[in-house]
Amino acid sequence: VRDLDRAGSKMHKKEVCEPVTIVDCPEMVVVGIVGYKPTARGLRAVSTLWAQKLSDSMLRRYYKSWYAAKKKAFTKYTSKFEENKEARETMYSRIEKNATVLRVLAHTQPNKLKLGSKKAYVAEIQINGGSMADKLKFAQGLLEQQVTVGQVFKESERCDVIAVSKGHGMEGVTHRWGVSRLPRKSHRGLRKVACIGAWHPSRVAYTVARAGQNGFHHRTELNKKIYKMGEAAAKCEKGNATTSMDITEKHITPLGGFPHYGVVNNEYVMLKGSVPGPVKRVLTLRRPLAPQTSRAAQEQVNLKFIDTSSKQGHGHFQTQAERAKFMGTRKKDIQN
């Protein structure tokens with residue numbers, strides 16, 4: 001719940017209640033630097049440099065079966081790290097001289113989430129601004145360091161969300177494309193397209209709705225407003241869901257936990273609306289490509305209330321203490 005600050009709107013300076021999505025954002029670890037130079041066929045890597053220490057979650061990305069593997073990845077590189085200092089300096093100078101694009105290699109930390117997965121996701125993140133020497137110096141300072149979501153995004157900004165949508169498998173044409181059903185007495189079924197094209201041209205056009213795979217597609221949703229950048233639960237004494245109007249000490253996790261997810265203990269981002277994909281799917285947050293100049297984009301968000309009641313039913317209580325006060329002592333609370 002918040003007060004809308006949008007002059008000209010009928011809801012200006014009135015309370016609005018909006019649905020949001022909580023994105024659990026544990027820190028990412030920077031483990032490499034790669035420089036690219038432009039060629040006639042696109043970007044080409046000039047050189048890649050790695051950090052000395054790589055976690056097991058990162059190394060698992062190189063193996064299909066970790067327990068059966070010999071776990072030799074990067075062992076020779078790590079053991080000769082100090083000996084190869086000159087070679088690394090040569091690579092840095094090559095990047096500084098030839099590259100026009102600099103990116104860092106960063107991986108997630110699955111051990112900070114209860115996903116049942118131990119293999120980290122790896123991504124390239126581009127560094128912009130300043131000369132190549134400045135960017136290289138900045139990237140070197142990030143090696144083996146944890147990067148938080150708060151170092152990239154801020155409250156009241158917008159971001160793009162990239163993810164793979166929820167999969168529905170092989171789906172019929174009615175649900176997949178929303179075509180009308182045929183009359184009840186239609187021969188050989190009614191959840192179909194009656195005519196898939198003329199005799200000539202003697203092929204089916206790509207524009208004709210057909211049955212096939214529905215969902216599990218790569219999707220990018222643009223310009224999601226960031227309503228709140230929450231701290232990790234352990235670092236926040238008074239709760240990371242407390243607002244200026246609601247001073248109740250509470251964390252963002254609702255009573256009973258988020259359905260099919262559990263408890264959010266790390267830093268989180270509160271986004272307006274929904275995001276692609278099911279619960280627990282990895283998301284990529286990106287800075288918006290276009291400059292955000294509209295009135296809605298410039299608006300500063302000031303939250304008055306965050307609902308942390310149970311999401312598994314019609315929740316009535318915001319905290320366990322509030323529930324215990326209302327319910328009183330129950331039989332299971334009495335210890336023998």
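Here are the numbers for the structure shown:
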read-out	value
Around GLY257: net Lys/Arg minus Asp/Glu count, Cβ-Cβ under 11 Å	+2
Surrounding net charge for ILE247, when Lys and Arg each add one and Asp and Glu each subtract one, Cβ distance under 12 Å	+1
GNM top mover of GLY315, GLY178, GLY239 - the chain, alpha-carbon springs below 10 Å	GLY178
For the chain, alpha-carbon Rg relative to the globular expectation (2.2 N^0.38 Å, N residues)	1.29
Calculated FRET efficiency for the pair HIS218/VAL179, C-beta based, R₀ 22 Å, to 0.05	0.35
Reachable aspartates and glutamates from LYS97, criterion Cα separation under 14 angstrom, eight or more residues apart if same chain	GLU89, ASP134
Ranking by accessible area, most exposed first, for LYS185, LYS304 with a 1.4 Å probe	LYS185, LYS304
Accessible heavy-atom area order of ILE22, ILE247, ILE306, highest first, probe of 1.4 Å	ILE247, ILE22, ILE306
Positive minus negative residues near ARG330 (Lys, Arg vs Asp, Glu; Cβ under 15 Å)	+2
Spin-label model distance (nm) - ALA297 vs ALA69, 7 Å beyond Cα toward Cβ	4.2 nm
Label-point separation in nm, ARG191 to VAL279, each point 7 Å along Cα→Cβ	2.7 nm
Per-residue [θ]222 nm for the chain (sum of -39500 (n - 2.57) over DSSP H runs n ≥ 4, rounded to 500)	-4000 deg cm²/dmol
For THR90, solvent-accessible area (1.4 Å; no DNA, RNA or ligand), Å²	80 Å²
Pairs of Cα atoms farther than 17 Å apart, the range 103-144, %	44 percent
Largest-first principal axis extents of the Cα set of the range 7-88 (Å)	67, 42, 27
Probe 1.4 Å, accessible area per residue of the chain, Å²	66 Å²
Within the accessible area of the chain (1.4 Å probe), percent carbon and sulfur	52 percent
Ranked by how many other beta carbons lie within 10 Å on average, peptides 109-118, 191-200 from highest	109-118, 191-200
Flagged links, alpha-carbon separation over 18 Å, of LYS64/LYS118; LYS154/LYS224; LYS64/LYS114	LYS64/LYS114
Across LYS13/LYS272; LYS71/LYS280; LYS137/LYS225; LYS250/LYS325, pairs whose alpha-carbon gap is larger than 23 Å	LYS71/LYS280; LYS137/LYS225
Dipole-positive endmost among VAL23, ALA7, LEU43 within the range 3-47 (Cβ charges, Cα centre)	LEU43
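The values are calculated or read from the model by the stated rules, or taken from the named source; none is laboratory data. What you see is a predicted model, and the numbers here were worked out from it, not measured in a lab. Here the Cβ is made from the backbone with ideal geometry for all residues, glycine too, and neighbour counts use every protein chain on show. Heads up: the accessible areas ignore ligands, DNA and RNA and are worked out on the full protein's heavy atoms, side chains in. Shrake-Rupley method; radii C 1.70, N 1.55, O 1.52, S 1.80 Å.
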